[in-house]
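The values are calculated or read from the model by the stated rules, or taken from the named source; none is laboratory data. From a predicted model like this one, the values you see are computed outputs, not experimental measurements. Using ideal geometry, Cβ is built from the backbone for each residue, glycine included, and neighbour counts are taken over all protein chains shown. Note: accessible area is taken over every heavy atom of the protein model, side chains too, but ligands, DNA and RNA are not part of it. Shrake-Rupley method; radii C 1.70, N 1.55, O 1.52, S 1.80 Å.
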Amino acid sequence: TATLYTDITLMTADREIAEDAENIFDSLLTGTFVTQTNKLLVAPQCLRNNILAMADQQIALAKDGGNGYIGAKINSLADTVIINKLIEASQAGVKVELVIRGICCLIPAVEGLTDNVSVRSIVGRFLEHSRIYIFGKGKDSSIYISSADYMTRNTIKRVEVAAPITDTKLKERILKMFDVMLSDNVKARILENDGTYSKQSPDPSEPLINSQEFFYDEAYKLANAKKLRSERAKAKS
């Protein structure tokens with residue numbers, strides 16, 4: 001599906017994550033639910049509650065005068081419990097930035113409710129399949145990649161998994177990806193507070209950014225650089 005889909009995969013030797021994964025497959029075989037994990041967030045028992053808990057941390061931070069932040073790149077937002085938590089976060093002063101390709105049941109920029117929420121949709125050549133959850137800014141931010149959208153179908157009615165990104169370089173890479181999506185001024189459409197979407201008008205002084213093409217080109221550059229390093233290594237040997 002690589003010619004059609006975009007996604008993010010984590011390869012890890014983390015023993016605690018491996019143990020969690022083993023427990024997930026055991027639960028699938030026995031018809032039970034995972035209720036406690038080391039590091040993975042696993043629906044339907046321990047994904048949404050952890051998302052809400054991390055949001056509460058950002059709310060508390062904002063109420064104490066800090067810079068609370070919540071970011072998410074998902075395909076749909078329809079879970080009313082999470083929606084209400086995002087409204088609460090906005091009211092507390094938490095900045096909420098959402099990249100949602102499809103269904104979004106939260107209206108941004110509503111005075112007194114979602115003043116601090118922004119929502120954009122990006123539809124391009126590839127079907128966006130990655131989900132990214134971000135809580136907090138800087139080195140202390142919590143970042144997860146996941147299979148789950150913020151829909152009850154995913155958060156409480158299926159077995160879905162979110163994996164933490166803890167490696168500093170990987171966190172920086174994902175945050176850069178998210179920033180590129182927020183900077184997209186070609187394919188991005190902004191959700192207005194009347195429920196309509198409008199095309200973002202790029203600043204004439206800024207370059208045009210199509211996030212999917214950016215990542216497409218970046219992938220080829222990385223592949224070519226790797227090939228060049230390999231050829232140089234062979235030449236030296």
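Numbers at a glance
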quantity	calculated
Accessible area (Å², per residue) of the chain, counting only protein heavy atoms and a probe of 1.4 Å	58 Å²
J(HN,Hα) series, region 57-62, from Karplus relation 6.51 cos²θ - 1.76 cosθ + 1.60, nearest Hz, glycine and proline x	4, 6, 5, 4, 4, 5
Pair K137, F25: separation of 7 Å Cα→Cβ label points (nm)	4.2 nm
Sulfur and carbon atoms: percent of accessible area, the chain [1.4 Å]	52 percent
Computed [θ] at 222 nm, deg cm²/dmol, the chain (DSSP H ≥ 4; -39,500 (n - 2.57); rounded to nearest 500)	-12500 deg cm²/dmol
Long-range amide H partners of Y150 with built H, under 5 Å	N75, S76, A78
Qualifying aspartates and glutamates (Cα of each under 17 Å from Cα of K95; at least 8 residues distant if same chain)	D56, D64, E111, D115, D140, D179, E192
Karplus (6.51, -1.76, 1.60) ³J(HN,Hα), θ = phi - 60°, over region 13-24, in Hz, Gly and Pro reported as x	10, 5, 5, 5, 5, 4, 5, 4, 4, 4, 5, 5
Rounded Å value of the spacing that divides the Cα centres of region 173-194 and region 201-237	20 Å
Under 17 Å, Cα to Cα: Lys pairs in region 180-237, sequence gap 8 or more or different chains	4
Relative packing of 36-42, 6-12, which averages over residues the other C-beta atoms within 10 Å, highest first	36-42, 6-12
Counting DSSP beta bridges with both ends in region 1-123, the antiparallel % (nearest 5)	10 percent
Under the Karplus curve 6.51 cos²θ - 1.76 cosθ + 1.60, θ = phi - 60°, whole-Hz ³J(HN,Hα) for region 174-187, x wherever Gly or Pro sits	5, 5, 5, 4, 5, 4, 5, 4, 5, 8, 4, 10, 10, 9
